[in-house]
Every structure is written in C-alpha cells, then in structure tokens.
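Below is one structure; the comments refer to it alone.
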Amino acid sequence: MALETEIKLLVPRGVISRVKQLPALLAAKGYQTQKLRNWYFDTPDLRLSADKVALRIREQSGTYIQTFKTKGNSVNGLHQRGEWEWRIDKPELDIGLLVEADYPLAKQGVDWAAELEIIFATNFARTVWVIEWPESDTVIEVALDQGEVSYTSLQGQTYADDICELELELKSGKVEQLMDASAMFRIAIPELTPSNISKAERGYQLFHLAQECRIND
C-alpha cells in the first residue's frame, strides 16, 4: 500500500499553452505523453461508491494495472488516500487481490465482488514532467490530463464530461513543498483552481445524471 498525496488543479483549455511554459516544467528533464484508458467498477447497488472507495483497471502502453483507492481526505485540492496497485495480465478484475486492501468489506470475503461490473470509463492523454529540487529530497510528478470521463447507458446513450486538469503528486519530500509548488503555479497562472473532485466522483455524477434522465423520460 502507498499513500497517494497529490494536488489537483482544474485547467481552462485556454491556458494549456501557458501551463507548458511554466519555468519549473521547462527546467524538468524532458516530458512524456501517454494514452490512458481506465474502467471503473462497482456493484449494481454501488457499494463502493457508498464507501467512498474506487476500483479500476488502467491500460497503459499495453500494460494492465488494477488499482484500489480508499476514501482519504480532500481539502483545497490536496488529496491524500491509500492506494493499492497490482499488475495483471489482461483487462479482467482479479478479485482475490482485493483482500490485500485495507477495506473492511474485502476483509470479510469477496463473495460480493462477483457482482462487480463496469460503471463508467475515462480516456485521456497524460503528459508528465518530473520536478526535482536541488539540495532537497523533494520530487514531484506533474501530470497534465486531457480527455473525458464517460458513462454509456444500457440504452446506448453516452454521457460525457471534459477532463482538463493538472495533478501534482508528491513522490518524495514534504507535503508543504508540494503545496508551495502548487502555489507557485497558481501565482503564475491565476486561472488554475483547486479541485476536490476526483475523476471517479465525476464518473458517478454522470451515472446518477443518466438515471435521473431515464426516470424523467
């Protein structure tokens, strides 16, 4: 288990070019861009959502990673939560791995997990820079995500929401240094705004919107 510590900033599309010209990013040792596809799972009665946890499979450069995240805390864009990751051979859940996570329902057994199904998906391009501070153990991964989160109903109707955000994840060092880096970015580009809403939460919002639309039709 790792403790994921990151700050999420919403990025208006009109300032993307300015983000890429931030001095800290220009000083980084290059960058790389990858396509990421993610499928989020839950039971039909949304047990995971009720417990504020997230379960997904990510496809990244032909590799599949199963991830489980706990609720954690989100304040002023700073997210801290437990995270478990397992590399798997194919895009199918390995239910047995869930017992390793610090999740009471999984500790009781995994019979309930047979009901898990894909609820929504995200598809985005991620551009990553790694910032290292001289004379410090601080390392921050900066990721610019551009794409969408989507839900497709049983009737074939798709609901989608735009993804354009910057994630600053602390790889080593102190949280205060991560917050200083975020403040530096926001001073340079005031249009960047903190966000406490994860991609998973946005996916669930689309799911509930679709249910409301179906009921009102």
Note to self, the chain gives a 222 nm [θ] from helices alone (DSSP H runs n ≥ 4, -39500 (n - 2.57) apiece, / all residues, nearest 500) of -6000 deg cm²/dmol
Please identify the trypsin sites (Lys or Arg not before Pro) of region 2-99 that satisfy two criteria: DSSP loop assignment and at most 16 other Cβ atoms within 10 Å. Which are they?
-> Lys29, Lys52, Lys71
Go ahead and run the numbers for FRET between Ser150 and Val110, Cβ-Cβ distance against an R0 of 30 Å, rounding to 0.05.
-> 0.60
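Within 10 Å of each candidate Cβ there may be at most 10 other Cβ atoms; applying that plus a DSSP loop requirement, which GluC sites (Glu not before Pro) in region 130-202 survive? Walk me through the numbers before you get to the answer.
Numbers: sites: Glu132, Glu135, Glu141, Glu148, Glu165, Glu167, Glu169, Glu176, Glu191, Glu201; in loops: Glu135, Glu191.
Qualifying residues, ordered by number: Glu135.
Classify region 112-155 from the C-alpha gyration tensor, please: rounded if a/c falls under 1.5, else prolate or oblate depending on whether a/b exceeds b/c. Provide the component values of the computation, followed by the final result.
Working: a/c = 7.89, a/b = 2.28, b/c = 3.47.
Oblate, because a/c is 1.5 or more while a/b does not exceed b/c.
Charges at C-beta only: +1 for Lys and Arg, -1 for Asp and Glu. How large is the resulting dipole of the chain about its Cα centre, in Debye rounded to 20?
In debye, rounded to 20, the chain gives about 480.
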How big is the accessible area of Asp94 in square angstrom, nearest 10, if you roll a 1.4 angstrom probe over the protein chains?
-> 70 Å²
How many Å² of accessible area per residue for the chain, probe 1.4 Å?
-> 53 Å²
What does the charge dipole of region 61-108 about its Cα centre add up to, to the nearest 20 debye, if the Cβ of each Lys and Arg holds +1 and the Cβ of each Asp and Glu holds -1?
-> 200 debye
If you project the alpha carbons of region 160-209 onto their three principal axes, what span does each projection cover, largest first, in Å?
-> 38, 25, 12
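From largest accessible area down, sort Asp180, Asp42; use a 1.4 Å probe on the protein chains.
Working: Asp180 100, Asp42 0 Å².
The ranking, largest first, comes out as Asp180, Asp42.
Could you sort Ile189, Ile118 by their accessible area in this structure, using a 1.4 Å probe and putting the largest first?
Numbers: Ile189 5, Ile118 95 Å².
Final ranking, largest accessible area leading: Ile118, Ile189.
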Which loop trypsin sites (Lys or Arg not before Pro) in region 145-217, with loop taken from DSSP, have no more than 13 other Cβ atoms within 10 angstrom of their Cβ?
-> Lys174
Intensity falloff of region 1-90 expressed as log10 I(q)/I(0), Debye formula with alpha-carbon point scatterers, at q = 0.22 Å⁻¹ = -1.22
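In whole percent, how big is the carbon plus sulfur part of the accessible area of the chain, probe 1.4 Å, protein atoms only?
Working: 5680 of 11520 Å².
That share works out to 49 percent.
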In percent, how large is the relative contact order of the chain, given Cα pairs closer than 8 Å and 6 or more residues apart?
-> 27 percent
Would you mind pulling out the separation of the Cα centroids of region 1-35 and region 108-155, in Å?
-> 15 Å
Where does the Debye-calculated log10 I(q)/I(0) of region 97-211 sit at q = 0.12 Å⁻¹, using only Cα point scatterers of equal weight, no solvent?
-> -0.66
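The values are calculated or read from the model by the stated rules, or taken from the named source; none is laboratory data. What you are looking at is a predicted structure, and each value in this text was computed from that prediction instead of being measured. All Cβ positions, even for glycine, are placed from backbone atoms using ideal geometry, and neighbour counts span all protein chains on display. For accessibility, only protein heavy atoms count, side chains too; no ligands or nucleic acids. Shrake-Rupley method; radii C 1.70, N 1.55, O 1.52, S 1.80 Å.
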